[in-house]
1. Looking only at the range 90-117, filter to residues that are β-branched (Val, Ile, Thr) and in a strand (DSSP E or B); which one of those is farthest from the chain's Cα centre (by Cα)?
2. Confirm whether Ala217 is closer than 28 Å to Met135 by Cα and crowded, with 19+ Cβ neighbours inside 10 Å.
3. Report, by residue number, each residue of the range 240-257 that is in contact (Cβ under 8 Å) with a residue 12 or more places away in the chain and part of a loop (DSSP other than H, G, I, E, B).
4. Which pairs turn up if I take residues in the range 4-24 that are outside the structural domain of Val35 (by TED's automatic domain parsing) and farther than 24 Å from Ser388 by Cα and look for partners that are in a loop (DSSP other than H, G, I, E, B) and at pLDDT below 70 with beta carbon separation below 6 Å, at least 6 apart in sequence or on another chain?
5. Is at least one residue of the range 73-88 free of Cβ contacts under 8 Å to residues at least 40 places away in the same chain and out of contact with any Lys or Arg (no Cβ under 7 Å at 6 or more places or on another chain)?
6. Right, Gly187: touching a helix residue (DSSP H, G or I) at 6+ places or on another chain (Cβ under 9 Å), surrounded by 15 or more Cβ atoms within 10 Å (Cβ to Cβ) and touching a residue at least 60 places away in the same chain (Cβ under 8 Å) or not?
7. Can you name every residue in the range 42-89 that is among the aliphatic types (A, V, I, L, M), at pLDDT below 95 and assigned to a loop (DSSP other than H, G, I, E, B)?
8. Hey, could you check the range 273-296 for residues that are surrounded by fewer than 17 Cβ atoms within 10 Å (Cβ to Cβ), assigned to a helix (DSSP H, G or I) and in contact (Cβ under 8 Å) with a residue 24 or more places away in the chain and say which is farthest from the chain's Cα centre (by Cα)?
Amino acid sequence: MTSSNGERPATPDILEGVRVLDLGMVWAGSICGQVLSDFGADVVKVESRSNLDIARRGRPIIGTEYDPNQNPLFHNTSRNKRSIALNLKTEEGRDVLRRIVPHADILIENWRPGALPRLGFGYEELRKLRPDIIMISQTLAGQDGIDARLRAYGPTVGGITGLDSLVGYQGEAPLGMGHAYADPNVGLHSALLALSALERRRLTGEGAYIDVSMWEAMVAALATPLLDCELNGRVAGPLGDDAIPGAPAGVFACAGDDHWLVLEVHDDADWAGIVEAMEHPDWASDERFASAEGRLAARAELNEHVRAWTAPRDRDELAELLQGHGVIAAPCLAVSERLFDDHLLAREGFTWVENPVLGREPVYGQAIRLSETPGYVREPAPMLGQHSAEVLRELLDMSDEEIEALDEAGVLR
């Protein structure tokens, strides 16, 4: 096992010895296992062609033929994991999973409420197989309540939580975020809870059942508009650039094809910095702009002045100039620019792996940096069922003949 730069970390992985059964699907269900695997947990993804993870579906990166081993979402969120193909619609498949559970510390799932218990894998059933197991269930609205059985994916959660109502141009209908932000949000919540439950188990010897609601995790990120509505009766809506606080503030066009700069001026020090960067234009001496309150009142006018200044100038040079004067400013980068950004490459914000189908490909790195036990990408995402035989031999001591019989019976599909 090596890091992305080819060097094995000098210290053991912090989660070495922890085994996770990952029954999670799509982005939300995969992030928790991905974080744990990056820090050394043995994460075994339990999947099946009979109920294929949506993260394996979609258009292929190469060619036009459907291929469950070509989806880039899966390649990012399931790196470092092993894959066992197990058809849980069969009694034999469920029996194999029951035999594997005692070897696991954590089980992650984001199926509909009640789906796993109906197959015999509710928390109480799992505790009979391993008393100190930790089970994490992620759903839209939690395991109980009047809306518990509602179905949703990440973009839907943006609507039901009110996030989408805040995105758009001021005075116009909401455009929505158009992004499954709720997915990684709940996945990271789950990873934190998994680590907390492992520590609690170390102290008490007891496992835990963790019920995580995507809805509630997302609402927690919208505290300001919720409190403003509750306490002041103000209903937030789309603000366009005005959603960026400060004055001047917003996203400003620069020279070049679709080049933009985002900047924020909050206090007097910021204002002095941008005035210095602009070489003290005459309009900046207006007494109305001498205070933060005055600048906020004249925000639209200030923004017009800044637009005129940024329009003929290079985006990256402006960002460097403004940062040099203590002003919050950054270029709006395209996907290709993010991938090849010198800073991200130096910090391994992206790293390269050898995928069996695609060859050398970039995946995002681990943003959480621990000084002595850094997380890293060891292996590419697995092919569907790539480790079925390996896992069955290792955990259940199965013979080749037994594994072949399961395969012929359609269990390892």
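The values are calculated or read from the model by the stated rules, or taken from the named source; none is laboratory data. The structure displayed is predicted, hence computed values, not measured ones. All Cβ positions, even for glycine, are placed from backbone atoms using ideal geometry, and neighbour counts span all protein chains on display.
1. Going through the range 90-117, the residues β-branched (Val, Ile, Thr) turn out to be 90, 96, 100-101, 106, 108.
From what is left, the residues that are in a strand (DSSP E or B) are 106, 108.
Working: Ile106: 20, Ile108: 16 Å.
Looking at residues that are β-branched (Val, Ile, Thr) and in a strand (DSSP E or B), I get Ile106.
2. Details: closer than 28 Å to Met135 by Cα: yes; crowded, with 19+ Cβ neighbours inside 10 Å: yes.
Yes.
3. Restricting attention to the range 240-257, the residues satisfying the condition of being in contact (Cβ under 8 Å) with a residue 12 or more places away in the chain are 240-256.
Ile244, Pro245, Gly246, Ala247, Pro248, Cys254, Ala255, Gly256, listed by residue number.
4. So the pair list comes out as Arg8/Thr2.
5. Kept after step one, since they are free of Cβ contacts under 8 Å to residues at least 40 places away in the same chain, are these residues of the range 73-88: none.
Taking every residue of the range 73-88 in turn, none turns out to be free of Cβ contacts under 8 Å to residues at least 40 places away in the same chain and out of contact with any Lys or Arg (no Cβ under 7 Å at 6 or more places or on another chain).
6. Details: touching a helix residue (DSSP H, G or I) at 6+ places or on another chain (Cβ under 9 Å): yes; surrounded by 15 or more Cβ atoms within 10 Å (Cβ to Cβ): yes; touching a residue at least 60 places away in the same chain (Cβ under 8 Å): yes.
Criteria met by Gly187.
7. Going through the range 42-89, the residues among the aliphatic types (A, V, I, L, M) turn out to be 43-44, 46, 52, 54-55, 61-62, 73, 84-86, 88.
Then keep just the ones that are at pLDDT below 95; that gives 52, 54-55, 61-62, 73.
If the condition is that a residue be among the aliphatic types (A, V, I, L, M), at pLDDT below 95 and assigned to a loop (DSSP other than H, G, I, E, B), then Leu52, Ile61, Ile62 are the ones that fit.
8. Glu276
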